[in-house]
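What follows is one structure encoded as structure tokens, with my remarks underneath.
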Protein chains: 2
Amino acid sequence: MAEHNIDLPEVSGLTIGILGGTGDQGRGLARRFALAGHPVLIGSRSAERAEEAARSLSVRGAENAVVATEADIVIVAVPWDGHRALLESLRDELDGKIVVDCVNPLGFDKRGAYALPVEEGSAAQQAAAVLTGSRVVAAFHHVSAVLLLDPAVERIDLDVLVLGDDREATDTVRALAARIPGFRGVYGGRLRNAHQVEALTANLISINRRYKAHAGLRITDV
Amino acid sequence: MAEHNIDLPEVSGLTIGILGGTGDQGRGLARRFALAGHPVLIGSRSAERAEEAARSLSVRGAENAVVATEADIVIVAVPWDGHRALLESLRDELDGKIVVDCVNPLGFDKRGAYALPVEEGSAAQQAAAVLTGSRVVAAFHHVSAVLLLDPAVERIDLDVLVLGDDREATDTVRALAARIPGFRGVYGGRLRNAHQVEALTANLISINRRYKAHAGLRITDV
């Protein structure tokens, strides 16, 4: 695994911004990146809500637009419902940056979770269509917020599939994933193949139900 | 892992039929199930071609219709192109049986593999729509034919995601998967969530290219 990550760029000084950082997934990632030594900014529509969530994690909170401006790398962890509108509102702030989309467009009914159709193919492709000046990468879809937030869990053995069409950007996000103990960042293909990675979260939810687990993926032979 | 499989049904005596058994995936599975002690029948449109492929694997070969009639469990490993037509022609033979679909509807261009849209949602759902009298299960999508066919490879550490709406049928196929050394059969959700499992094969192909690997999945925490 050390060899796996040997050629990745140095990312240790980077400030991580998390849009929708007050949700479970956003707070969980914020917590782990802060533990790894990164300056972390969590964003929300309301600065107050962001600051409140940030305090409990010992990170900073601010309005989404401030986070998008100040962070070096921006993770999008908003609910699918508000995904497009939020990104449209931050086009200028996100220009030129690496934007990491980890949104899973899912529906839920009494039989469990299922993938929603997305006009652009996937949440990540929607982000790329809106943020034409940004470098959009898809990653962190399958990470259990419960484990990320659990103080008793020091290490999470998991592969983060990192998808994108810009090699330098995907390598940077792979390096970022590897900052969390137990995580590897594994290149997972181009953005056009993001839909199934997002949708697979529905299967992991089924697995969690059946096995009372917090299931994740490892890629074998890599 | 032993505990994982402890409640699964006994499948050791079952005859496995493989439609499209002359392709790499079909021959690979045939080889492994024969090594595990199962009577195996591989099918093709031409009895001659089936018999020829079968000889090299020390199993039996026959026309697809004969295989569908004689086997206890039938695996569908045909190319996506001929999927619907073949199943339509075997509706009667497959009535009442567990039919395991492992077909990945993929396209290829110079940028690699990508998922094809499927009217019914997935190959497995198409099989279920055609074979209304069968118990359709989706499984074995991510198994490398190269590894299955390699005589130097005795064990393949891999989780087979098994999807379906019939608990007894998915448990039977999970048990079948576990007959191959290193494999686990992990319940992966309902058939309506089969698309992303099939499509994920495109991502594994991207991973194989990048890492010079034969990538597969392990589900963590299960």
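The values are calculated or read from the model by the stated rules, or taken from the named source; none is laboratory data. In this text, all values refer to a predicted model and were calculated from it rather than measured experimentally. Positions of Cβ are backbone-derived with ideal geometry, glycine not excepted, and every protein chain shown enters the neighbour counts. For the accessible areas, the whole protein counts, side chains as well, though only heavy atoms, and no ligand, DNA or RNA atoms are used. Shrake-Rupley method; radii C 1.70, N 1.55, O 1.52, S 1.80 Å.
Checking A:LEU90 against (1) surrounded by fewer than 21 Cβ atoms within 10 Å (Cβ to Cβ); (2) touching a residue at least 24 places away in the same chain (Cβ under 8 Å); (3) more than 14 Å from chain B (Cβ to nearest Cβ); (4) of a type outside the set (Phe, Trp, Tyr), which test does it fail?
Of everything listed in (1) surrounded by fewer than 21 Cβ atoms within 10 Å (Cβ to Cβ); (2) touching a residue at least 24 places away in the same chain (Cβ under 8 Å); (3) more than 14 Å from chain B (Cβ to nearest Cβ); (4) of a type outside the set (Phe, Trp, Tyr), A:LEU90 misses just condition (1).
Given the residues B:LEU106, B:LEU131, B:LEU149, which is the only one that is over 14 Å from the mean Cα position of the chain (by Cα), open to solvent by 40 Å² or more (accessible area, probe 1.4 Å) and in contact (Cβ under 8 Å) with a residue 24 or more places away in the chain?
After applying the criteria, what remains is B:LEU149.
Could you grab me the full set of residues in the range B:170-181 that are open to solvent by less than 10 Å² (accessible area, probe 1.4 Å) and either within 20 Å of A:ILE219 (Cβ to Cβ) or more than 14 Å from the chain's Cα centre (by Cα) (or both)?
If the condition is that a residue be open to solvent by less than 10 Å² (accessible area, probe 1.4 Å) and either within 20 Å of A:ILE219 (Cβ to Cβ) or more than 14 Å from the chain's Cα centre (by Cα) (or both), then B:ALA177, B:ILE180 are the ones that fit.
Could you check the range B:189-222 and list, in sequence order, the residues that are at the interface with another protein chain (Cβ under 7 Å from one of its Cβ atoms) and not in a helix (DSSP H, G or I)?
Hits for the range B:189-222 are B:GLY189, B:ARG190, B:ALA213, B:HIS214, B:ALA215, B:GLY216, B:LEU217, B:ARG218, B:ILE219, B:THR220, B:ASP221, B:VAL222.
Taking the residues in the range B:130-163 that are small (Gly, Ala, Ser) and either at pLDDT below 95 or touching a helix residue (DSSP H, G or I) at 6+ places or on another chain (Cβ under 9 Å) (or both) as candidates, determine which candidate is farthest from B:CYS102 (Cα to Cα).
Selected residue: B:SER134.
In the range B:152-169, which residue that is open to solvent by less than 40 Å² (accessible area, probe 1.4 Å) and of a type outside the set (Val, Ile, Thr) is farthest from the other protein chains (Cβ to nearest Cβ)?
Selected residue: B:ALA169.
Modelled with pLDDT of 95 or more and within 19 Å of B:ARG27 (Cα to Cα), is that true of B:ASP166?
no
Just wondering, is there one or more residues in the range A:140-147 that are in a loop (DSSP other than H, G, I, E, B) and of a type in the set (Val, Ile, Thr)?
Yes, some residue in the range A:140-147 is in a loop (DSSP other than H, G, I, E, B) and of a type in the set (Val, Ile, Thr).
Only one residue in A:VAL74, A:VAL78, A:VAL66, A:VAL99 is outside any strand (DSSP E or B) and open to solvent by less than 30 Å² (accessible area, probe 1.4 Å), so which one is that?
Sole residue among the options that is outside any strand (DSSP E or B) and open to solvent by less than 30 Å² (accessible area, probe 1.4 Å): A:VAL78.
What is the residue count in the range B:198-209 for residues that are among the aliphatic types (A, V, I, L, M) and under 11 Å from B:PRO105 (Cα atoms)?
3
Could you list, ordered by first residue, the pairs with Cβ atoms under 8 Å in which the first is in the range A:49-76 and closer than 12 Å to A:LEU19 by Cα and the second is of a type in the set (Phe, Trp, Tyr) and outside any helix (DSSP H, G or I), at least 6 apart or interchain?
Close Cβ pairs (under 8 Å, with a partner that is of a type in the set (Phe, Trp, Tyr) and outside any helix (DSSP H, G or I)) amount to A:ILE75/A:PHE140.
Limited to the range A:113-128, what total is found for residues that are assigned to a strand (DSSP E or B), open to solvent by 20 Å² or more (accessible area, probe 1.4 Å) and of a type in the set (Gly, Ala, Ser)?
Within the range A:113-128, residues that are assigned to a strand (DSSP E or B), open to solvent by 20 Å² or more (accessible area, probe 1.4 Å) and of a type in the set (Gly, Ala, Ser) number 1.
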